[in-house]
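All remarks here apply to the structure that follows.
The values are calculated or read from the model by the stated rules, or taken from the named source; none is laboratory data. Not measured: the values here are computed from a predicted model. Ideal geometry is used to build each Cβ from the backbone, glycine not excepted, and the neighbour counts take in all protein chains shown. For the accessible areas, the whole protein counts, side chains as well, though only heavy atoms, and no ligand, DNA or RNA atoms are used. Shrake-Rupley method; radii C 1.70, N 1.55, O 1.52, S 1.80 Å.
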Amino acid sequence: MIQKAFKMKLKPGFAAEYKRRHDAVWPELKDAISASGVYDYSIFLDEETLTLFAYEKLTADNTADMQKNLPVVRKWWNMMADIMEVNPDNSPVCTELPQLFHMD
């Protein structure tokens with residue numbers, strides 16, 4: 001099992017909209033993420049800073065780095081670009097966080 005964490009940034013005033021969109025996440029997007037080897041994925045919000053903290057568990061043979069090439073992922077990024085900080089290709093600005101401790 002591989003664990004990854006990263007942070008993203010929400011634009012002010014969009015916390016409720018971000019949650020609404022994720023409550024209705026497309027089944028084909030969930031299927032694509034799962035097919036890439038991600039089997040546990042959570043996103044948390046720090047309401048004071050609007051920082052989104054994401055945590056995922058991946059299989060050893062995952063292809064999660066290839067998600068950026070999937071049309072459904074790009075479509076999702078385009079839909080989310082108005083409420084998040086994004087790169088020129090509309091992918092979320094992500095900062096990976098190194099794991100310093102883990103306890104089973």
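When residues in segment 51-72 are screened for being in contact (Cβ under 8 Å) with a residue 40 or more places away in the chain and more than 21 Å from GLN3 (Cβ to Cβ), 1 of them pass. Restricting THR51, THR59 to those that are β-branched (Val, Ile, Thr) and in contact with a Lys or Arg (Cβ under 7 Å, 6 or more places away or on another chain) reduces the list to THR51.
In this entry, MET103 passes the filter for residues that are open to solvent by 90 Å² or more (accessible area, probe 1.4 Å) and either over 20 Å from GLN3 (Cβ atoms) or out of contact with any helix residue (DSSP H, G or I) (no Cβ under 8 Å at 6 or more places or on another chain) (or both).
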